[in-house]
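Undergrad: A single structure is presented below for examination.
The values are calculated or read from the model by the stated rules, or taken from the named source; none is laboratory data. Predicted model, so just to flag it, every value in this text is computed and none were measured. Reconstructed Cβ throughout: ideal geometry from the backbone, glycine too, with neighbour counts over all protein chains shown.
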């Protein structure tokens, strides 16, 4: 899935779990694909599971705000998958999940009404990105000693709420194109 939207009718677009970004001149100039060379060694100073916007809400992109260094300003490292935190494992445990699955495994993070906790921030805030290994269908990012991964086994991930379908990447998806760098968290989709 290309980083920016394609000028094709919706029916012709490639089926993808990756969400394209609006092709505004500003975003084309300021947002680009993330590379290990640019993120490894940088400190995480904030994170947000609600990055991105479509004008009336958000797609739930996961973002890590990276500290300014001698080369780069503060910027957001963002995973552009809808509800991204529900796709990932942190040290082998679910990052987040829908409350209807908490009886299977309690995730590290929850922001649902009367079910709110954060056991994730303490693992990554003020820690440096040690590895950023992204392949077509799998990824591993190490922040300090915390391993954030998306493996090739959908059975390890929480299922979608309601219908219980597995979270699987589509054939056209390539995680090497899923991570972007942006000066702001609210990229428009």
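Undergrad: Could we say that residue 3 is modelled with pLDDT of 95 or more and surrounded by 13 or more Cβ atoms within 10 Å (Cβ to Cβ) here?
TA: Answer is no for this residue.
Undergrad: Also: Identify, please: which residue in region 20-45 is closer than 27 Å to residue 128 by Cα and crowded, with 16+ Cβ neighbours inside 10 Å and is, among those, modelled with the lowest pLDDT?
TA: 27
Undergrad: Related question: Can you pull out the residues in region 52-64 that are surrounded by fewer than 23 Cβ atoms within 10 Å (Cβ to Cβ) and either modelled with pLDDT of 95 or more or touching a helix residue (DSSP H, G or I) at 6+ places or on another chain (Cβ under 7 Å) (or both)?
TA: Within region 52-64, just 60 meets the criteria.
Undergrad: Then there's this: Please note which strands (runs of 3 or more DSSP E) are completely contained in region 65-160 and include at least 2 residues that are exposed (fewer than 13 other Cβ atoms within 10 Å of the Cβ) and out of contact with any helix residue (DSSP H, G or I) (no Cβ under 9 Å at 6 or more places or on another chain).
TA: By residue number, 115-118.
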